[in-house]
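Laboratory data are not the source of any read-out in this text; all were calculated from the coordinates shown. Computed from a prediction, not measured in an experiment: that's the story for all the values here. In this analysis, Cβ positions are derived from the backbone assuming ideal geometry, glycine residues included, and neighbour counts consider all displayed protein chains.
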Amino acid sequence: SKPRGRERKTSAASKGSSRVPSRTPSRTRSMRKESKEIEAERKKREAALKKAKEDRERLARYDAERRLREAAERKAREDADRKRTIEAELAEQEARRRKKIEDAQRAQR
């Protein structure tokens, strides 16, 4: 006698098993669409990552340029200060020398 009900062996496909998807045309179409969507998402994600990396690099570059510019400005300021100080000292020395000469001339008179 033929096995009945539960005894009868059913193929995975006729059971609608999730492990073996039956390849109906619509199923194949939806799978293709799904893989296209996954691919699109991957591309979008990669593009976002690439953009983030480029942004980070650009920021780092701007940062480095700004630091260099600030260092150059600081050096220029310090050099100018140093020059002014030296000039002031020289002017003071010159003034003292002149005064000494004038005092000496005044004492001679």
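A few notes on this one:
- Linear extension gain, Arg32 paired with Arg74, 0.36 nm per residue minus alpha-carbon span: 8.9 nm
- Placing pseudo-labels 7 Å out from each Cα toward the beta carbon at Lys99 and Glu46 gives an inter-label distance of 8.0 nm.
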